[in-house]
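The values are calculated or read from the model by the stated rules, or taken from the named source; none is laboratory data. A quick note: this is a predicted structure, and the numbers were derived from the prediction, not measured. All accessible areas refer to the heavy atoms of the entire protein, side chains included, with ligands and DNA or RNA removed. Shrake-Rupley method; radii C 1.70, N 1.55, O 1.52, S 1.80 Å.
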Amino acid sequence: MEAYDFYHDVYQLKDEELIQKLVKVTTRKKLKKGEFVVRIGEIVNYIYFMESGILRGYFLDEDGRETTECFCFRCGSPVIPVNQLELNIVSPIAIEMLKDGNFFCVPISEVMALQKDYLEITLLYDRLLVKALEGQRKLKQALNQYTALQKYQWFLQEYPGLFESISNKYIVSFLGITPVTLSRLRRSIREAEEKE
């Protein structure tokens, strides 16, 4: 996919002049499994827009243990560890590739400049921000109100196909359950399906 098609088809931008300006400042980047979009403490000056791949964001607790905060695998997902468009912000999380991926990268400074002249950029940013906030609300609800079984079922629904593509250790870290609990849930669901 070319950058023009990405902005026109995936984000459905209409302003041809805006699309051309975005294309002009966009670079392509391929990242392999195990590589980082950003590490904790690094400066964030680019927005990565996912074309393909799987990644996870994680933070470290006071003992240095990783806790998975998010997964990203859908074409068009913006990959930025902060919610505001500002320059030279230090990343509070690490974003690591779990599967090879392709990205369209745009400097935050260019997006900020375009935002001044093109309402469509602001509207897109608002849409993406609302979607991210809604995702965070659903995640908090799942983690704080659901049983282990409900968390597992929620994960399967919200992240279709991801379970088979990534390590269970990331899933249990994300859902706040133990590996033993996950194994037990999978077994009981499999047994229930076999009885049907």
For this session: Please compute the Cα-Cα pair-distance distribution of the stretch 12-98 with 10 Å bins starting at 0, giving whole percents from short to long.
Result: 16, 43, 31, 8, 2, 0
For this session: May I ask you to list the lysines whose Cα is less than 26 Å away from that of LYS151, ignoring any residue fewer than eight positions away on the same chain?
Result: LYS99, LYS131, LYS138, LYS140, LYS169, LYS195
Exercise. For the chain, modelled as a Gaussian network with Cα springs under 10 Å, which listed residue fluctuates most, GLU16, GLU69, GLU51?
Worked result: GLU16
Seminar exercise, completed: Applied in sequence order to the stretch 30-40, the curve 6.51 cos²θ - 1.76 cosθ + 1.60 (Karplus, θ = phi - 60°) yields integer Hz couplings, x standing for Gly and Pro, of 10, 10, 9, 3, x, 7, 10, 6, 7, 9, 4
Problem set entry | Surface accessible to a 1.4 Å probe, per residue, for the residues of the chain, Å² | 58
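Just need the Rg to Rh number for the stretch 104-157, please, alpha carbons only, Kirkwood Rh. Intermediate values should be presented prior to the final figure.
Working: Rg = 16.7 Å, Rh = 13.5 Å.
Result: Rg/Rh = 1.24.
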Problem set entry | Distant alpha-carbon pairs in the stretch 125-196 (separation over 16 angstrom), percent | 55
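How large a share of the accessible area of the chain, in percent, is made up of carbon and sulfur atoms when the probe is 1.4 Å and the other protein chains stay in place?
Working: 5710 of 11410 Å².
Carbon and sulfur: 50 percent of the exposed surface of the chain.
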Exercise. What residues have an amide H closer than 5 Å to that of LEU162, excluding those fewer than 5 places away on the same chain, when H is modeled at 1.01 Å from N in the peptide plane?
Worked result: none
Exercise. Once all Cα-Cα distances of the stretch 1-50 are split into 10 Å bins that start at 0, what whole-number percent is in each one?
Worked result: 20, 45, 27, 8
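Over the chain, what per residue volume does the convex hull of the Cα atoms give, in whole Å³? Can you show the working numbers first?
Values: hull volume 26.2 nm³, N = 196.
So the per-residue hull volume is 134 Å³.
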Seminar exercise, completed: Expected vector for the stretch 149-156, Karplus 3J(HN,Hα) from phi with 6.51, -1.76, 1.60 and θ = phi - 60°, integer Hz, x for Gly and Pro, equals 5, 5, 4, 4, 5, 4, 4, 4
Exercise. Given H placed 1.01 Å from N in the peptide plane, which residues other than close sequence neighbours of SER77 have an amide H under 5 Å from its amide H?
Worked result: MET50
Seminar exercise, completed: Sorted by chain and number, the residues with a modelled amide H under 5 Å from that of CYS70, at a separation of 5 or more or across chains, are GLY57
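Quick check on the chain: helices-only [θ] at 222 nm, where DSSP H runs of length 4 and up contribute -39,500 (n - 2.57) each and the sum goes over total residues. Nearest 500, please. Could you put the intermediate results ahead of the total?
Details: 6 runs with 83 residues, N = 196.
Per the formula, -13500 deg cm²/dmol.
State, as an integer percentage, the relative contact order of the chain based on alpha-carbon contacts under 8 Å between residues 6 or more apart.
On the way: 275 pairs, mean separation 43.8, N = 196.
It rounds to 22 percent for the chain.
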Problem set entry | Qualifying lysines (Cα of each under 19 Å from Cα of LYS116; at least 8 residues distant if same chain) | LYS14, LYS21, LYS24
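Looking at the P(r) of the stretch 56-126, how many percent of alpha-carbon pairs lie beyond 18 Å? Present the calculation step by step, with values, prior to reporting the outcome.
On the way: 1260 of 2485 pairs.
Of all Cα-Cα distances in the stretch 56-126, 51 percent exceed 18 Å.
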